[in-house]
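Here's the structure, in structure tokens; my notes come after.
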């Protein structure tokens, strides 16, 4: 009886995040030469949640629930990049290396 009550108490006290799948989505931003693009803004549309890429071009969003998402990546002197992805029942989702291209033209 005590063992049964202990198990019930344990499951009652577990954090809600245990019951609902939440995913960390991450990627690296690089330019056409393969160099990291730091300080690019990455906006998770519809969430009010945006982050900046760090010195090695890495960014992540944490605690995303299952669903369809869109990110918009912007940085001065680079073309804006829009990507869509789905989150399923997974702990981590790697979007890989995302290449940003310069918006500056080589006009004479």
Fill in the blank from the handout: When (1) farther than 18 Å from residue 24 by Cβ; (2) modelled with pLDDT under 95 are applied to residue 80, the one that fails is (2)
Problem - Of all residues in region 69-90 being under 16 Å from residue 40 (Cα atoms) and surrounded by 14 or more Cβ atoms within 10 Å (Cβ to Cβ), the one that is farthest from the chain's Cα centre (by Cα) - result: 78
Practice task
Hey, can you tell me all the residues within region 52-68 that are modelled with pLDDT of 95 or more and either surrounded by 15 or more Cβ atoms within 10 Å (Cβ to Cβ) or outside any strand (DSSP E or B) (or both)?
Solution key: 53, 54, 55, 56, 57, 59, 60, 61
Practice task
Give me the pairs, please: first residue somewhere in region 63-75 and without any contact (Cβ under 8 Å) to a residue 40 or more places away in the chain and on the phi < 0 side of the Ramachandran plot, second residue anywhere and in a strand (DSSP E or B) and exposed (fewer than 13 other Cβ atoms within 10 Å of the Cβ), beta-carbon distance under 6 Å, and either six or more positions apart or on two chains.
Solution key: 68/86; 70/84; 72/82
Completion exercise
Counting only residues that are under 17 Å from residue 61 (Cβ atoms) and part of a strand (DSSP E or B), region 27-51 contains a total of 10
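The values are calculated or read from the model by the stated rules, or taken from the named source; none is laboratory data. Source: prediction; values computed, not measured. Heads up, the Cβs are rebuilt from the backbone with ideal geometry, glycines too, and the neighbour counts pull from every protein chain shown.
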